[in-house]
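What follows is one structure encoded as structure tokens, with my remarks underneath.
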Amino acid sequence: MSITLLSPDPQITRQLGYRLGTLLQPGDLICLQGDLGAGKTTFVQGVAAGWGAIDEVSSPTFVLVNRYRRADGAALHHLDTYRLASLPEAEELDLDSMLAQGALLIEWADRIVPILPQDRLWLHLEYQDETSRRITLTAQGGRSLALLAQMTP
Ligand SMILES: Nc1ncnc2c1ncn2[C@@H]1O[C@H](COP(=O)(O)OP(=O)(O)OP(=O)(O)O)[C@@H](O)[C@H]1O
Ligand SMILES: [Mg+2]
């Protein structure tokens with residue numbers, strides 16, 4: 001099941017992320033797809049804010065994993081597989097441990113599909129014009145379907 005939304009500016013993309021952030025629980029996996037500059041990190045900024053992160057979101061293209069803490073000790077992990085050389089390298093990441101500490105957001109998740117847990121919410125961001133993006137959310141599993149239902153306007 002999927003829904004498609006149009007985001008007319010970056011702030012709306014952040015607000016959409018914020019809403020998802022308020023819903024996230026440990027074990028939730030959010031997969032982000034979209035070209036360079038599509039808005040994946042912009043969306044994650046909103047998610048981290050909605051989730052209650054005390055750390056600021058940075059673009060993880062230069063590091064593989066960013067970790068944002070919350071006052072209660074939970075941690076949101078933000079992974080960018082863009083710089084991963086290979087799938088075996090991805091296999092060395094301990095996704096299960098990241099998922100146990102909080103939710104996990106993965107940019108360019110389509111590159112590491114074979115090592116991902118089955119239940120995941122996909123977000124596909126597509127460039128429309130300078131300020132707008134088409135955002136398609138697709139649920140793949142029971143938990144992601146519940147999240148999608150709560151995201152539906
Ligand atoms: N509606 C929109 N939603 C999100 N970002 C937008 C929108 N309109 C314009 N932008 C701009 O597009 C850029 C998106 O950059 P961002 O770093 O979020 O992309 P990304 O998908 O993470 O790219 P990369 O693959 O390089 O990590 C930002 O400069 C943002 O301000
Ligand atoms: Mg990015």
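None of the figures in this text is laboratory data; all of them are computed from the coordinates on show. Bear in mind that the values here come from a model prediction, so they are computed numbers and not experimental data. Don't worry about glycine lacking a Cβ; one is built from the backbone with ideal geometry, like all the others, and counts go over all protein chains shown.
Once the piece of chain linking Ala146 and Ala85 is laid out straight, how much longer is it, given 0.36 nm per residue of separation minus the C-alpha distance between them?
Gain on stretching Ala146 to Ala85: 18.6 nm.
Please list, in order along region 72-82, the HN-Hα scalar couplings obtained from phi with the Karplus expression 6.51 cos²θ - 1.76 cosθ + 1.60 (θ = phi - 60°), rounded to whole Hz, x for Gly and Pro.
7, x, 6, 9, 9, 9, 10, 10, 10, 7, 4
Rounded to the nearest 20 debye, what is the charge dipole size of region 86-144 about its Cα centre when +1 sits on each Lys and Arg Cβ and -1 on each Asp and Glu Cβ?
320 debye
Give me Glu126, Glu56 ranked fewest to most by other Cβ atoms within 10 Å of their Cβ, as a rough exposure proxy.
Lowest count first: Glu56, Glu126.
Work out how much length Arg69 to Ser2 would gain on full extension: take 0.36 nm times their residue separation and subtract the Cα-Cα distance, in nm to one decimal.
Separation in residues times 0.36 nm, less the Cα-Cα distance, equals 21.1 nm.
Computed FRET efficiency, Cβ-Cβ of Arg19 and Ser97, R0 30 Å: what is it to the nearest 0.05?
0.65
What is the local net charge at Ile106, summed over the other residues whose Cβ is closer than 12 Å to its Cβ (Lys, Arg +1; Asp, Glu -1)?
After counting each charged neighbour, the total is -1.
Taking the mean number of other Cβ atoms within 10 Å as a proxy for protection, how do you rank 2-12, 29-39 from highest to lowest?
Peptide ranking by packing, descending: 29-39, 2-12.
What is the fewest-to-most order of Thr22, Thr13, Thr136 by other Cβ atoms lying within 10 Å of their Cβ?
With the fewest neighbours first, Thr22, Thr13, Thr136 line up as Thr22, Thr136, Thr13.
Taking the Cα centre of the chain as origin, work out the dipole magnitude from +1 charges on Lys and Arg Cβ and -1 charges on Asp and Glu Cβ, in debye rounded to 20.
Dipole size: approximately 380 debye.
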